[in-house]
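For reference, the structure is listed below as structure tokens.
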Amino acid sequence: MNAIKITDLQKDYKDFSLNIKNLNVPTGYITGFIGPNGSGKTTTIKSILGMVKPNSGIIEVLDSDISKNIKIKEDIAYVGDVSGFLEESKISNLHKVISNFYTNWDEVLYKKYINDFKINEDKLYKDLSKGQKKQFELIMALSHHPKLLIMDEPTSSLDPLIRNDFLELMQSHMEIDNMTVFYSTHITTDLDKAADYIVMIYNGNILLQDEKDSILENHVLVKIKKELFDESIRKEFISIKENSFSFEGLMNSKEKAYELFGNEAIYEKCNLEDILMYYTRRS
């Protein structure tokens, strides 16, 4: 079952087109949505949330068309790079106003998270640190028990320690609710730790989508001496880097790599950042 299902989505702008043939976000898991800035991640999310109208395509969210089923929005939470909260508002006032919008608001859970992160509700939102602002936004998102949490570059301005706290809160909450997370970011190290599935987008097109462990297991970095490289095998690589002495490239089959190069090459494990870099070099 999928929490989000996109089919034949097309959204055209003057200098950019989003063209997604198929995108699935499995229920109950964290799906990382990766790609360089400007790849179409935010446009995709805005389309899912009904904030932009696509030229064509079908978007199903929690088995509903979000544009026709307004009630489904209560089951969705969103945390982005830029907050929609008024900077001059007191935290206690934001809590009071927003909690009234949700029939399933959990005040006990809200207080627990506020106390855990030592957020002073008497402060103005603008007086919180960057990390506390993002923690508060996530607390507000989680306190109404959403079935789907959508995040767009939520940790891009945070230091590694705060990012780790943010991810731990998200993951621990998933043990309370069978929540689905669609997590858009260009910080792939966050997803190395947290994601179950990966969707990669570049120039408005989906390049890759699969289980994260499967992607990492199948891809391999291959390093060989230049004299051993034959132009006829260039097509076997996702893309390559070369210098005067050697070639380094990414392949999506370890078995094929061993078959071609045997003991003549050096094989290295790759992470999501490596994979993203080589796929976007090719495209």
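General remarks:
- Each Lys and Arg Cβ is given +1 and each Asp and Glu Cβ -1; about its Cα centre, segment 122-163 then shows a dipole of about 40 debye.
- For the chain, DSSP calls about 65 percent of its internal beta bridges antiparallel.
- Sum of side-chain charges, Leu158 neighbourhood, beta-carbon under 15 Å (Lys, Arg +1; Asp, Glu -1): -3
- At 1.002 mPa s and 20 °C, Stokes diffusion of segment 219-282 via Kirkwood alpha-carbon radius, µm² per second: 184 µm²/s
- Restricting segment 217-283 to chymotrypsin sites (Phe, Trp or Tyr not before Pro) that sit in a DSSP loop and have at most 14 other Cβ atoms within 10 Å of their own Cβ leaves Phe245.
- Taking the Cα centre of the chain as reference, the dipole from Cβ charges on Lys and Arg (+1) and Asp and Glu (-1) amounts to some 680 debye.
- Think of the chain as having a plus end and a minus end, set by charges on the Cβ of Lys, Arg, Asp and Glu; of Val82, Gln135, Ser253, Val82 sits farthest toward the positive end of this dipole.
- Helix 160-174 and the longest principal axis of the Cα set of the chain meet at an angle near 70°.
- In the chain, helical runs assigned H by DSSP with n ≥ 4 each contribute -39500 (n - 2.57); averaged across all residues and rounded to the nearest 500, the mean residue ellipticity at 222 nm is -9000 deg cm²/dmol.
- Most mobile listed residue (Gly84, Gly28, Gly204) in the chain, GNM with C-alpha springs under 10 Å: Gly84
- Euclidean distance between Cα centres, segment 29-79 to segment 145-173, Å: 18 Å
- Database remark: amide H of Leu149 closer than 5 angstrom to the amide H of Ala77, Thr180, Val181, Phe182 (H placed geometrically; neighbours at sequence offset of 5 or more, or on other chains; Pro and chain starts carry no H).
- Quarter the surface of the alpha carbon convex hull of the chain and you get the mean projected area, 17.3 square nanometres.
- Entries of Lys5/Lys147; Lys53/Lys147; Lys5/Lys73; Lys212/Lys269 with Cα pairs more than 18 Å apart: Lys53/Lys147
Laboratory data are not the source of any read-out in this text; all were calculated from the coordinates shown. This one's a predicted model, so the numbers in the text were calculated from it and none came from an experiment. Methodologically, a virtual Cβ is constructed for each residue, glycine included, from the backbone with ideal geometry; neighbour enumeration extends over all protein chains shown.
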